[in-house]
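Have a look at the structure below, then the notes.
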Amino acid sequence: MVVGLDYAFSPPELRVPPGTVRIVLRNEGQKVHNLKVLGGPVEARTPNLAPGATGFVELFLPPRRYDIFCTITGHAERGMRGTLLVAPE
Ligand SMILES: [Cu+2]
């Protein structure tokens, strides 16, 4: 579970085992937010989530480090970014 704030992810660094990864985002901010995973075999993001909403993105990820960010204009620049480390436990 990741919490989306205006404008940050909490926590900003995630670690999960390789394989099918589901990242759940709960928007506790006042703006619409999402979470996109960049650099994988397939790039995908959560739906745009209204304040108070929860959604998820699920994708298959080999081990490596990925960037995550919110695709809403200006949000990543304001700090809504982080990393996802996919590595064995
Ligand atoms: Cu955002």
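The values are calculated or read from the model by the stated rules, or taken from the named source; none is laboratory data. Source: prediction; values computed, not measured. Virtual Cβ from ideal backbone geometry, glycine too; neighbours counted across all protein chains shown.
So here's what we get for this one:
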read-out: Condition met for T83 (in contact with a Lys or Arg (Cβ under 8 Å, 6 or more places away or on another chain), of a type in the set (S, T, Y) and in a strand (DSSP E or B)); value: yes
read-out: Residue ID - nearest to F9 (Cα to Cα), chosen from residues in the range 68-89 that are within 16 Å of the ligand (Cβ to nearest atom) and charged (D, E, K, R); value: R81
read-out: The range 2-28: number of residues that are farther than 15 Å from L85 by Cα and touching a Leu at 6+ places or on another chain (Cβ under 7 Å); value: 4
read-out: Cβ pairs under 9 Å, 6+ apart, first in the range 18-36 and in contact (Cβ under 8 Å) with a residue 24 or more places away in the chain and on the phi < 0 side of the Ramachandran plot, second within 8 Å of the ligand (Cβ to nearest atom) and of a type in the set (F, W, Y); value: G29/Y7; K31/Y7; H33/Y7
read-out: All positions within the range 1-42 that are of a type in the set (G, A, S), modelled with pLDDT of 95 or more and in contact with a Lys or Arg (Cβ under 8 Å, 6 or more places away or on another chain); value: G4
read-out: Members of the range 41-74 that are among the hydroxyl-bearing types (S, T, Y) and either in contact with a helix residue (DSSP H, G or I) (Cβ under 6 Å, 6 or more places away or on another chain) or free of Cβ contacts under 8 Å to residues at least 24 places away in the same chain (or both); value: T46, T73
read-out: The lone exception for E77 - which of (1) in contact with a strand residue (DSSP E or B) (Cβ under 7 Å, 6 or more places away or on another chain); (2) free of Cβ contacts under 8 Å to residues at least 40 places away in the same chain; (3) in a loop (DSSP other than H, G, I, E, B) it fails; value: (1)
